[in-house]
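Please treat every number below as a calculation from the coordinates, not as lab data. If you're wondering where the values come from, they're calculated on a predicted model, not measured in any experiment. Every residue, glycine among them, receives a Cβ derived from its backbone with ideal geometry; neighbour counts consider all protein chains shown.
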Amino acid sequence: MLLLLFPLLKPQGYYFRMFSMMFLWMGLSSAWNITSGFAGYIDFGAVAYFGIGNYATALLMTKAGLPFTSSVLISGILSSFIAMFIGRYTMRLRGAYFGIATLAFAEAVKQIVFEFDRTFKVTLFEGSHGITLPIVHDDRFFYYIFLGILFFIVLTAFLIDRNKFGYALKAIKEAEGSAELAGVNTRRYKVASYALSASLIGILGGVNAYWLTYISPLDVFSVIHTIHMIVMALFGGIGTVFGPVLGACVISLANELIGAKLLYTYLLMLGAILLVVVLFLPRGVIGLISMKRSRR
Amino acid sequence: MEGEKAVVALLLQALVTGLLMGGVYAAYSSGFSLIFGVMNIVNIFHGELIMIGAFTTYWLFTLYHVDPFLTLPVSILSASLLGYVIQRFLINRVVEAPPMMSYLCTFGIHLILANLALLAWSADFRTVTTSYSGEGFSVGPITVPLARLATFGIAIVTTFAIYWFLEKNRHGKAIRAASQDKEMARLVGIDIRKVYALTFALGAGITGMAGGLISTYFVIYPQMGLPYTITAFCVVVLGGMGYIPGALVGGLLLGIIQSLTATYLTSGLSVAITFILLFIILILKPQGIMGRGAVE
């Protein structure tokens, strides 16, 4: 069992931001893992909800003047409703097709948010202008928020892993046909997990908007965020509770260290990691560790 | 009277442009459909094959001043070879594994190929501008660009050629047999590994050719692959997964719809429209418009 990080009282601002970023990613990949890892429906469009969360919070705070907490909560609920609608139909597709359909969904949302104002001659999403949120000069605030949300997400994953809901999801992952025959309402469970993942990702997106204070469609809806969720969860161990956390830890550090300077090389590395994991380490690092343990 | 004529002319122009585009969509989606139909692989680096074909044409044109249409065979070969190598060493390992692994694998390859290209060629947009680029002829009020017409012609011919190959040729029939029932095909003596290799090489080749054709009238850049992959997926769902003539119908239909969107709304929403269309088909008729596709 892994120890949870306790909030340490670090003095320097940079560390707060770095840890905040790591907590954000650990949360995102864990949330993503609930649908993709437990239920086995690999979501290639998760960034859509991240972006929706970002935008919903940004718009609610700037245009409707709502406070931070309510904006974020509404973002999460909105994400889950959208996910329930989208999931209802896309989850009819088998794994691989679900992947591309969700990818197309995410790209579509990106384009819509980007082009909406210009096309329909309104001022809503602000398209390429982006949205600027009120500034908060408190790194520690975000540190605790991200940590708190991460804790909540991992706890949720942990509980799901142990109870009937998780059992149903895993049954879906292993043998969906048999699960249906055994009377499990697979559609309801699948969509529920998808909506749950979406709402958590949306909430994180909302906090992200406030944290960054400036968002634009091409940033927050970029497919690179989904790629990160996928590679982090896979690397650490998809389908496990702590795998995504571990994976996110390692890879977000790598991002921090080399991602800024050598972007294309870094992306290449991600692709290579993905291939290595798929071909040789399908259960990720956690899988490797537990394999070694069971050999003793 | 003049106003009416203009409205009709605009509509006809949109239709013609869409039809021409659709032919190309059909061409490169056939490859995607073929690979899925036979090997059950959703090829997420499909767009990169287009990119390779396009860049092959570009470099041969820029460095050696060879006409883009003449270098098509080279584009076909380069994409085909790349496809064969990847299939033999990477895809083969995951073709019999759960679908999740195979499309994560192709996704990783997508990342690697796209970023290798970025590292090698930089993100600059490039074009292939020949002496006849932009030339067209007029049929009444409608302009038919030469490059697009030639592209359309070649694409249609190739699609029919593939279809003929699958129906009449011995190897083509072996491919179809393998896609219908792998075990039975093995029993009658068909070498599945050779079938896979041929299928992938063929699918990749035709995709590369489409890439070469596209370079004659669109800008090309290393990250161009992903939107094409999404489009190919949508064309194939529209027409029926694994059904080649369906790719033709789906391609033409999508081309026309996208053209109408671009004319009457904005071209920026093309992916959004593609996805919405995909969504509708999934809900209403998952076997594709002609009802001959594989359903999951």
From the backbone phi of the range A:268-274, what are the Karplus-calculated ³J(HN,Hα) couplings (6.51 cos²θ - 1.76 cosθ + 1.60, θ = phi - 60°) in whole Hz, Gly and Pro given as x?
4, 4, 4, x, 5, 4, 4
Total charge of the residues flanking B:M39 in space, meaning their Cβ is under 10 Å from its Cβ, with Lys and Arg +1 and Asp and Glu -1, is 0
The range A:96-213 - Rg and Dmax from Cα coordinates, angstrom
19.2, 56
Inter-chain Cβ neighbour average for residues A:268-274, partner chain, 10 Å:
6
Contact order normalised by residue count of chain B, Cα under 8 Å, 6+ apart, percent
36
I need to check one value: relative contact order of the range A:14-222, counting alpha carbon pairs closer than 8 Å and at least 6 residues apart, in percent.
45
When the charge dipole of the range A:14-222 is computed with +1 on Lys and Arg Cβ and -1 on Asp and Glu Cβ about the Cα centre, the Cα farthest towards its positive end, among A:F165, A:F19, A:A108, belongs to A:F165
Residue among A:M18, A:M232, A:M84 with the largest mean-square fluctuation in a Gaussian network model of chain A, springs linking Cα atoms under 10 Å
A:M18
Just checking the output field for B:273-280: average partner chain Cβ neighbours within 10 Å of each residue's Cβ?
5
Let me check I've understood the local charge: for A:F114, count other residues with C-beta under 13 angstrom from its C-beta, Lys and Arg +1, Asp and Glu -1. What total comes out?
-3
Roughly how many debye, to the nearest 20, is the charge dipole of chain B about its Cα centre, given +1 on each Lys and Arg Cβ, -1 on each Asp and Glu Cβ, and no other charges?
720
Rounded, prolate or oblate for the range A:14-222? Axes are the square roots of the Cα gyration tensor eigenvalues, ordered a ≥ b ≥ c, and the cut-off for rounded is a/c under 1.5.
oblate
Based on the alpha-carbon gyration tensor of the range B:67-128 and its eigenvalue square roots a ≥ b ≥ c, which shape applies: rounded if a/c is under 1.5, prolate if not and a/b is larger than b/c, or oblate?
oblate
Rounded to one decimal in nm, the spacing of the 7 Å Cα→Cβ label points at B:V144 and A:R188 is 5.8
Whether the range B:1-62 is rounded, prolate or oblate, judged on the alpha carbon gyration tensor where a/c under 1.5 counts as rounded:
oblate
In the structure displayed, which of A:K164/B:K285; B:K168/B:K194; A:K164/A:K190; B:K173/B:K285; A:K63/A:K110 lie more than 24 Å apart, Cα to Cα?
A:K164/B:K285; B:K173/B:K285
Given a Förster distance of 41 angstrom, what is the FRET efficiency for B:F125 paired with A:L279, based on the Cβ-Cβ distance and rounded to 0.05?
0.75
How much mean residue ellipticity at 222 nm does chain B get from its helices, if each DSSP H run of length 4 or more adds -39500 (n - 2.57) and you divide by all residues, to the nearest 500 deg cm²/dmol?
-24000 deg cm²/dmol
Whole-Å distance linking the alpha carbon centroid of the range B:219-260 with that of the range A:165-181 is 33
Can you give the relative contact order of the range A:219-296 as a percent, counting alpha carbon pairs under 8 Å and 6+ residues apart?
34
